[in-house]
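The values are calculated or read from the model by the stated rules, or taken from the named source; none is laboratory data. Since we're looking at a predicted model, the values are computed, not measured. Here the Cβ positions follow ideal geometry from the backbone for every residue, glycine too, while neighbour counts run over all protein chains shown. Just so you know, the surface numbers come from the protein's heavy atoms only, side chains and all, with ligands and any DNA or RNA stripped out. Shrake-Rupley method; radii C 1.70, N 1.55, O 1.52, S 1.80 Å.
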Amino acid sequence: MAAQPKAKPVLHDYWRSSASYRVRIALNLKGIAFDRVSVDLVAGDQRHPRHLAVNPQGLVPALQIDGLVLTQSLAILDYLDETRPQPPLLPSAPAARAHVRALALAIACEIHPVSNLAVLARVEALAGAEARADWNQDNIASGLLSIEAMLDHPGFVGRFCQYDAPSMADCTLIPQLYNATRWGVGFSHLPRISAVARACAAHPAFAAAHPDHFDLRRRQGSLRERA
Ligand SMILES: N[C@@H](CCC(=O)N[C@@H](CS)C(=O)NCC(=O)O)C(=O)O
């Protein structure tokens, strides 16, 4: 019997979600073509039963692949790396792997959750719109300072976060920088981060994953702001 052709992966994402952006970059780096289901976080689509059936956490991203539905962006990156090892998202040496994972986790576990939509909405409800912006800007600025210090590691220097090829750390950092820019937090004073941003901007997998290509407002002609 002829083998069934594999279904094309489907990414449930939101154009401006940084966790989704991580997965788009990784899929592009691996050369995996995918379709998208757009979950409009501003409209509240993430709480619709149709999306909750895909991701009970009511978050994006979720990736349908190999007959599975995967959630949590870093778990998705790990799965992609384990099932499609080339090009690797993690270096082979344990110490180098630990460093890449530490960078990715520092962003995904420390910086990003504090800037999440639900957290920002709560800060705004308690203290107003100005406090929401201050909170987010302070969080991102201090988070990036620590990432700069982590990148300045003599053993792991290169064009990207570590060495001269993109890794899971770059997949995580670039969306965080997009978010920083959106919130008016500059990073030109951080030389290692700026150098990585330049290297990634010139890489086609990163360029093709950029939120501008998926901007819902452009497609819908609406002007909804800040998700
Ligand atoms: N740790 C999760 C974070 C996912 C997450 O926070 N996604 C945000 C967008 S970047 C979201 O769906 N927010 C919807 C909401 O807060 O209602 C991951 O890495 O996948």
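Below is a table of values for the structure above.
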item	result
Subset of segment 75-100 that is away from the ligand (no atom under 16 Å from the Cβ) and free of Cβ contacts under 8 Å to residues at least 24 places away in the same chain - its residue that is surrounded by the most Cβ atoms within 10 Å (Cβ to Cβ)	97
Verdict on residue 141 being more than 24 Å from residue 97 (Cβ to Cβ), part of a helix (DSSP H, G or I) and at pLDDT 95 or above	yes
Those residues of segment 151-172 which are under 20 Å from residue 81 (Cβ atoms) and part of a helix (DSSP H, G or I), in sequence order	156, 168, 169, 170, 171, 172
Any hit, segment 101-110, residues being modelled with pLDDT of 95 or more, acidic (Asp, Glu), surrounded by fewer than 20 Cβ atoms within 10 Å (Cβ to Cβ) and away from the ligand (no atom under 16 Å from the Cβ)	no
Matching residues, segment 45-74, being surrounded by fewer than 16 Cβ atoms within 10 Å (Cβ to Cβ) and either part of a strand (DSSP E or B) or near the ligand (Cβ under 8 Å from one of its atoms) (or both)	47, 57, 68, 69
Extreme residue, nearest to residue 173 (Cα to Cα), among residues of segment 195-225 that are out of contact with any helix residue (DSSP H, G or I) (no Cβ under 8 Å at 6 or more places or on another chain), assigned to a loop (DSSP other than H, G, I, E, B) and modelled with pLDDT under 95	215
Output for segment 29-42, where each listed residue is more than 13 Å from the ligand (Cβ to nearest atom), more than 14 Å from residue 86 (Cβ to Cβ) and either in contact (Cβ under 8 Å) with a residue 60 or more places away in the chain or open to solvent by less than 20 Å² (accessible area, probe 1.4 Å) (or both)	36
Flag for residue 164 being exposed (fewer than 15 other Cβ atoms within 10 Å of the Cβ) and closer than 25 Å to residue 24 by Cβ	yes
Test for residue 118: is it within 16 Å of the ligand (Cβ to nearest atom), assigned by TED's automatic domain parsing to the domain that holds residue 172, modelled with pLDDT under 95 and open to solvent by 50 Å² or more (accessible area, probe 1.4 Å)	yes
Failed criterion for residue 156 (all others in (1) closer than 25 Å to residue 14 by Cβ; (2) of a type outside the set (S, T, N, Q); (3) touching a residue at least 24 places away in the same chain (Cβ under 8 Å) hold)	(1)
